[in-house]
Amino acid sequence: MIIHCTKKLADKLKKHHPISATELSAPDSDTSLGEWHANYITVARRTMLLFIHNSTRFSFIVPEVKAADYKRLDELFHKGLLNTMQAMGYREELICAAAERHDPIQLDSKTDRSTLGSLNQIGQGLEHTVWHDGYEAVIEDFWHHSARLCDRPTSTKGMKQSEALFPAKAMQIYLGFEPEKTVKDVMLETVLARVDQDFERLEQGLLSAEELEQHITNSPNVIPFKRP
């Protein structure tokens, strides 16, 4: 398993772990957790470790990290991952599958701009939550706060404007499980497919901007569109 660290995190870890100056890569394997990015932020004068999976954008946060904890990075990572999955309500066999992929962690200091951007958004979201709810309220139910990060739709470089990636489900697929679709999932897929078709027709000149606006406004379960 590879963790691509930001420069400031690498500076913290290099006292305890070897960090490659060249980019490492993890081959596709059903015994590995693949490639991740990591950083740390300071919130309410406490240090938090942030992790995000490159391909699925599954993310989690490890709270209240002390200077002496950096030498236990492997333990902190796997504890945070499994606690977040449990808080999300993942099935026991799925959590066990993740735990079995406990391959040695390798570190480098090379980051991808797109993945790092998603990681920064997580940090900003955490800072806002602490500011709004207060640190003590967040820390009391921390793993559920961490789990909510994976319920929000996101995207990766190269995805279409109408496409969305749901990290909680993407990680289940990555681990070899087929997530069950809810009625909400089916309705959302239908709406996104309709929007995608409409944008293609707009580009081909078969649909006007006014007609596209009307289609979006009339789509079920979509917030009414208002021109700014």
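The values are calculated or read from the model by the stated rules, or taken from the named source; none is laboratory data. The structure presented is a predicted model; accordingly, all values stated were derived computationally and were not measured. FYI the Cβ positions are ideal-geometry reconstructions off the backbone, even for glycines, and counts take in every protein chain you see.
Here the helices (runs of 4 or more DSSP H) wholly within region 94-182 that include at least 1 residues being outside the structural domain of Arg72 (by TED's automatic domain parsing) and closer than 24 Å to Cys5 by Cα are 167-174.
Exactly one residue out of Lys169, Lys160 is at pLDDT 80 or above and surrounded by 11 or more Cβ atoms within 10 Å (Cβ to Cβ), and it is Lys169.
In region 85-105, is there at least one residue being surrounded by 15 or more Cβ atoms within 10 Å (Cβ to Cβ) and in contact with a Gly (Cβ under 8 Å, 6 or more places away or on another chain)? Yes, some residue in region 85-105 is surrounded by 15 or more Cβ atoms within 10 Å (Cβ to Cβ) and in contact with a Gly (Cβ under 8 Å, 6 or more places away or on another chain). Within region 13-33, residues that are of a type outside the set (S, T, N, Q) sit with their Cβ atoms under 6 Å from residues that are at pLDDT below 90 and assigned to a loop (DSSP other than H, G, I, E, B), at 6+ positions apart or across chains, in these pairs: Ala26/Ser32; Leu33/Arg101. If you go through region 1-26 and keep only what is more than 13 Å from Leu116 (Cα to Cα), under 20 Å from the mean Cα position of the chain (by Cα) and in a loop (DSSP other than H, G, I, E, B), you end up with Met1, Ser25, Ala26. Out of the residues in region 29-83 that are among the small types (Gly, Ala, Ser) and under 18 Å from Thr129 (Cα atoms), which is surrounded by the fewest Cβ atoms within 10 Å (Cβ to Cβ)? Step by step, filter region 29-83, then rank; the result is Ala44.
To keep it simple, each residue is scored yes or no on (1) loosely packed, with under 13 Cβ neighbours inside 10 Å; (2) modelled with pLDDT of 80 or more.
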residue: Phe142; (1), (2): no, no
residue: Ala147; (1), (2): no, yes
residue: Leu175; (1), (2): no, yes
residue: Glu178; (1), (2): yes, yes
residue: Ala193; (1), (2): yes, no
residue: Glu203; (1), (2): yes, yes
